[in-house]
There are 2 protein chains.
Amino acid sequence: MRIVDIRETSIALKSDLRNAVFDFSEMTTSVVAVITDVIRDGKPVAGFAFNSTGRYACGAQMRARFIPRILKAPPESLLDVAGSNLDPEKILACMMQREKPGGHTERSVAIGTIEVACWDAAAKIAGLPLHALIAKKYNKNKYLSKVPCYVGGGWYAPGKGIPELLAEIREKFDQGYRTMKIKVGGMSIPEDVARVEAALKLIGDSARLAVDANAGFDRERALAYAKALAPYRLRWFEEPTDPLDYALLAEVAAIYEAPIGTGENLFSTQDVKNLITFGGLRADRDIIQTDVPQSYGIAQFGKTLAMMQERGWSPQSVFPHGGNQMTLHIVGGFGLGGCEAYPGVFGMFAGFADDAQVEDGWLKLPDRPGIGFEAQNALYAEMRKLL
Amino acid sequence: MRIVDIRETSIALKSDLRNAVFDFSEMTTSVVAVITDVIRDGKPVAGFAFNSTGRYACGAQMRARFIPRILKAPPESLLDVAGSNLDPEKILACMMQREKPGGHTERSVAIGTIEVACWDAAAKIAGLPLHALIAKKYNKNKYLSKVPCYVGGGWYAPGKGIPELLAEIREKFDQGYRTMKIKVGGMSIPEDVARVEAALKLIGDSARLAVDANAGFDRERALAYAKALAPYRLRWFEEPTDPLDYALLAEVAAIYEAPIGTGENLFSTQDVKNLITFGGLRADRDIIQTDVPQSYGIAQFGKTLAMMQERGWSPQSVFPHGGNQMTLHIVGGFGLGGCEAYPGVFGMFAGFADDAQVEDGWLKLPDRPGIGFEAQNALYAEMRKLL
């Protein structure tokens with residue numbers, strides 16, 4: 001068996017979102033198909049993935065380097081020992097040939113997206129949903145059958161005040177969510193604190209409200225927000241600092257006792273190691289938010305998680321970035337803390353199977369083989385065009 | 001005045017080099033032309049740059065995001081206060097619109113290369129060599145008229161033993177170089193130590209020999225090399241660890257008293273800040289090796305340098321990565337420690353003006369306006385094709 005082709009297309013997110021730092025008006029993502037010569041149900045098995053949201057499409061790197069390296073490799077060098085399925089770890093190593101150390105993000109998104117599509121193909125070949133294959137390889141066959149799922153929202157928009165924010169929260173809770181994350185940093189501190197207080201009053205439980213500053217604060221503002229928000233003991237305070245400013249993060253952690261979340265803008269195991277070594281974070285409460293397809297994929301995430309566990313961090317500390325079907329399986333297969341959701345926000349790239357239903361804050365893992373993009377009609381219509 | 005077009009082409013390095021970690025057989029670089037409507041000598045002024053060596057060409061990012069952002073901006077928003085020349089800091093800010101925090105390398109190489117080409121155009125418009133324009137903006141008009149220039153070499157090659165290494169060193173010293181850097185890590189420690197001892201015996205001065213491990217060591221090997229090399233008190237020991245492994249670098253620094261060099265694989269001011277905060281480095285001796293066109297360009301490097309100076313580091317601590325005409329001006333204009341050279345190694349992308357001559361380890365700064373690629377025949381032949 002072998003990979004016969006890998007195809008990519010770039011699709012615009014067409015999102016008019018803005019957070020405290022930037023807007024998504026030009027944002028794109030790479031949709032990838034890894035096509036094999038294995039036949040299931042009369043058709044060649046193909047694996048799919050996309051490069052999550054927030055990092056631009058990266059098809060050029062794929063076409064110039066990673067796809068040719070895979071297609072030129074002896075097919076058997078990319079298979080498991082039995083020779084009966086793809087081995088994503090070997091495919092990752094193949095793509096990493098002739099890559100200079102460091103400088104991860106230039107390649108980690110392209111490589112990770114191809115790697116996750118290989119997992120989709122491998123799971124379909126194995127006849128397993130992706131979370132079951134991940135659990136088999138990395139988690140002693142244990143996976144979660146349902147995962148906690150929180151909802152992201154509370155963006156800023158012209159004319160959107162506290163009443164509109166509360167209406168949005170009510171709507172999400174009516175949909176079945178029980179924990180919500182809202183933006184901070186786009187207004188003055190008193191205005192943002194008023195938003196948080198109003199949201200808390202509605203939700204009635206500080207463990208069910210998180211806030212996200214999207215790495216937009218300088219030192220003064222980060223510390224001021226930490227001081228202002230600390231008394232509310234929220235579920236977590238996300239990205240209070242530049243993603244790489246570990247020294248400032250440690251200053252924030254020293255005055256902010258409730259949980260802190262960060263990590264969606266770190267793309268290598270070594271960066272996460274630096275974060276937990278130098279960032280003042282606390283393994284008993286803080287939240288790491290790796291975006292797996294943007295960070296070399298699932299096999300590398302397995303290494304990141306092992307590194308974290310060696311240092312006393314539980315898989316339950318990880319809430320991966322990206323509310324999508326890939327993340328859902330990754331949370332389930334590795335037994336992570338929970339999954340995020342952005343229903344309706346990033347168009348076809350947000351959300352899960354069309355029939356997925358959040359019930360009292362929980363989302364069931366799907367049964368179909370692979371990731372199951374086939375059950376997301378709008379997205380799969382784009383993916384299918386690559387075949 | 002305005003930028004009328006920005007064009008890019010990807011060129012293969014065609015290098016058969018290998019160091020201890022990877023080979024350059026697939027390596028490419030982006031050559032960029034920034035074309036203005038300013039007429040000098042009867043022709044529109046164009047600025048040129050290329051993305052140094054070791055990071056692949058990045059024209060796709062330029063075409064998808066950075067070039068359109070510049071060309072769509074109101075031309076006057078990219079000019080200095082007088083409106084008479086380009087302002088690279090404003091051009092950098094324009095390119096950074098709608099970019100998410102962190103994840104630098106995916107864009108820093110593309111942005112930095114365009115930015116350096118804008119400096120070439122700005123210096124030509126000002127009628128100044130680039131180092132003089134840099135000195136005017138960042139260094140109180142002081143620049144070096146000649147800079148110390150060391151030579152890189154000592155690569156591994158099949159059949160290359162100590163006699164061939166010594167012949168290579170003799171050849172470089174005959175060309176006028178007085179300090180040389182050779183590779184380590186591609187052999188066993190005793191074999192590498194024998195190479196270092198033989199080179200030292202020939203050169204006769206430990207301050208004139210540096211070694212480069214190219215970030216290829218794990219912890220055990222990094223510490224073993226540090227121990228083995230420490231007694232020789234070399235000019236510096238380059239990249240003994242993964243570029244982002246600050247904790248291990250601090251361990252190495254604790255047992256290695258002579259200077260350590262690193263930083264060519266860090267691409268943001270924040271990463272360099274982390275390096276000097278957490279890496280155990282010593283401002284009185286260690287060497288920082290930023291690659292400027294790969295790290296958002298000259299304006300951002302000015303910020304990196306200011307951040308370093310606030311923390312007690314001298315500009316003399318910086319030996320930028322990349323032995324080329326761009327680096328030469330940057331060393332001269334900011335008053336940095338020295339320049340590297342790789343004569344004949346990266347084809348047309350290595351080296352300086354065709355008539356440049358290293359004399360007793362020093363290289364004179366060129367007088368012609370801009371960077372002066374026009375005096376590098378083979379390279380300029382490629383650049384001119386973009387016009």
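The values are calculated or read from the model by the stated rules, or taken from the named source; none is laboratory data. Small disclaimer: the values here were computed from a predicted structure and weren't measured. As a convention, Cβ positions derive from the backbone with ideal geometry for all residues, glycine included, and neighbour counts pool all protein chains shown.
Kindly establish whether B:E238 is under 23 Å from the mean Cα position of the chain (by Cα), within 12 Å of chain A (Cβ to nearest Cβ) and surrounded by 23 or more Cβ atoms within 10 Å (Cβ to Cβ).
No.
Among the numbered criteria (1) in contact (Cβ under 8 Å) with a residue 60 or more places away in the chain; (2) among the hydrophobic types (A, V, I, L, M, F, W, C); (3) away from every other protein chain (no Cβ under 14 Å), which single criterion is violated by A:I39?
(1)
Of the conditions (1) surrounded by fewer than 20 Cβ atoms within 10 Å (Cβ to Cβ); (2) out of contact with any Gly (no Cβ under 7 Å at 6 or more places or on another chain), B:G154 satisfies every one except a single condition; which number is it?
(1)
Could you say which residue among B:P74, B:P68 is farther than 28 Å from B:T290 by Cα and not assigned by TED's automatic domain parsing to the domain that holds B:S295?
Being farther than 28 Å from B:T290 by Cα and not assigned by TED's automatic domain parsing to the domain that holds B:S295 holds for just one of B:P74, B:P68, which is B:P74.
Looking only at region A:323-337, how many residues end up being part of a loop (DSSP other than H, G, I, E, B), at pLDDT 95 or above and buried (at least 21 other Cβ atoms within 10 Å of the Cβ)?
Here the count works out to 2.
Which ones in region B:264-290 are surrounded by 24 or more Cβ atoms within 10 Å (Cβ to Cβ), at the interface with chain A (Cβ under 10 Å from one of its Cβ atoms) and in contact with a helix residue (DSSP H, G or I) (Cβ under 8 Å, 6 or more places away or on another chain)?
B:L266, B:F267
Check B:L223, B:L200, B:L244, B:L248 and return the single one that is free of Cβ contacts under 8 Å to residues at least 60 places away in the same chain, of a type outside the set (S, T, N, Q) and in contact with a strand residue (DSSP E or B) (Cβ under 9 Å, 6 or more places away or on another chain).
Within the list B:L223, B:L200, B:L244, B:L248, the selection yields B:L200.
Restricting attention to region B:254-263, and to residues there that are surrounded by 23 or more Cβ atoms within 10 Å (Cβ to Cβ) and small (G, A, S), which single residue is farthest from the other protein chains (Cβ to nearest Cβ)?
Only one residue fits best here, namely B:G261.
Pairs only if they're at least six apart or on different chains, beta carbon under 7 angstrom, first in region B:59-77 and closer than 17 Å to A:G54 by Cα and within 14 Å of another protein chain (Cβ to nearest Cβ), second at pLDDT 95 or above and outside any helix (DSSP H, G or I); list them, first residue then second.
B:A64/A:Y56; B:R65/A:Y56
Taking region B:257-281 on its own, how many of its residues are assigned to a loop (DSSP other than H, G, I, E, B) and either without any contact (Cβ under 8 Å) to a residue 12 or more places away in the chain or closer than 14 Å to B:P243 by Cβ (or both)?
Count: 8.
Go through (1) within 14 Å of another protein chain (Cβ to nearest Cβ); (2) surrounded by 24 or more Cβ atoms within 10 Å (Cβ to Cβ) and name the single condition A:F48 misses.
(1)
A quick yes/no check of all residues on (1) at pLDDT 95 or above; (2) in contact with a Leu (Cβ under 8 Å, 6 or more places away or on another chain); (3) crowded, with 20+ Cβ neighbours inside 10 Å; (4) not in a strand (DSSP E or B):
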| residue | (1), (2), (3), (4) |
| --- | --- |
| A:I39 | yes, no, no, no |
| A:T53 | no, yes, yes, yes |
| A:A60 | yes, no, yes, yes |
| A:Q97 | yes, no, no, yes |
| A:E106 | yes, no, yes, yes |
| A:C118 | yes, yes, yes, yes |
| A:A122 | yes, yes, yes, yes |
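Give me a count of the residues in region B:70-88 that are buried (at least 19 other Cβ atoms within 10 Å of the Cβ) and either part of a helix (DSSP H, G or I) or at positive phi (or both).
Here the count works out to 3.
Within region A:11-34, which residues are facing chain B (nearest Cβ under 8 Å), in contact with a Lys or Arg (Cβ under 7 Å, 6 or more places away or on another chain) and either surrounded by 22 or more Cβ atoms within 10 Å (Cβ to Cβ) or of a type outside the set (G, A, S) (or both)?
Listed by number, the residues that qualify are A:F22, A:D23, A:E26.
Residues being hydrophobic (A, V, I, L, M, F, W, C) and either part of a strand (DSSP E or B) or within 14 Å of another protein chain (Cβ to nearest Cβ) (or both): count how many of those fall in region B:291-312.
Count: 1.
Please specify each residue of region B:211-233 satisfying the condition of being crowded, with 24+ Cβ neighbours inside 10 Å and in contact with a Ser or Thr (Cβ under 9 Å, 6 or more places away or on another chain).
B:A213, B:A215, B:F217, B:A222
From the residues in region B:241-253 that are of a type in the set (A, V, I, L, M) and surrounded by fewer than 23 Cβ atoms within 10 Å (Cβ to Cβ), which one is nearest to the other protein chains (Cβ to nearest Cβ)?
Checking each candidate, the answer is B:A247.
When residues of region B:158-196 are filtered for being at negative phi and either touching a residue at least 24 places away in the same chain (Cβ under 8 Å) or crowded, with 17+ Cβ neighbours inside 10 Å (or both), how many remain?
25
So, in region A:194-220, how many residues would count as being farther than 17 Å from A:A157 by Cα and either among the polar types (S, T, N, Q) or more than 14 Å from chain B (Cβ to nearest Cβ) (or both)?
Residues that pass the stated criteria total 14.
So if I check each of B:G152, B:G103, which one is more than 19 Å from the chain's Cα centre (by Cα) and either within 14 Å of another protein chain (Cβ to nearest Cβ) or not acidic (D, E) (or both)?
The unique qualifying residue is B:G103.
Is one or more of the residues making up region B:103-119 touching a Gly at 6+ places or on another chain (Cβ under 9 Å), farther than 21 Å from B:P369 by Cβ and among the basic types (K, R)?
No, there is no match, as no residue in region B:103-119 is touching a Gly at 6+ places or on another chain (Cβ under 9 Å), farther than 21 Å from B:P369 by Cβ and among the basic types (K, R).
Inspect region B:173-183 for any residue being among the polar types (S, T, N, Q), under 19 Å from B:G322 (Cα atoms), touching a strand residue (DSSP E or B) at 6+ places or on another chain (Cβ under 7 Å) and more than 12 Å from chain A (Cβ to nearest Cβ) and give the result as yes or no.
Yes: region B:173-183 contains one or more residues that are among the polar types (S, T, N, Q), under 19 Å from B:G322 (Cα atoms), touching a strand residue (DSSP E or B) at 6+ places or on another chain (Cβ under 7 Å) and more than 12 Å from chain A (Cβ to nearest Cβ).
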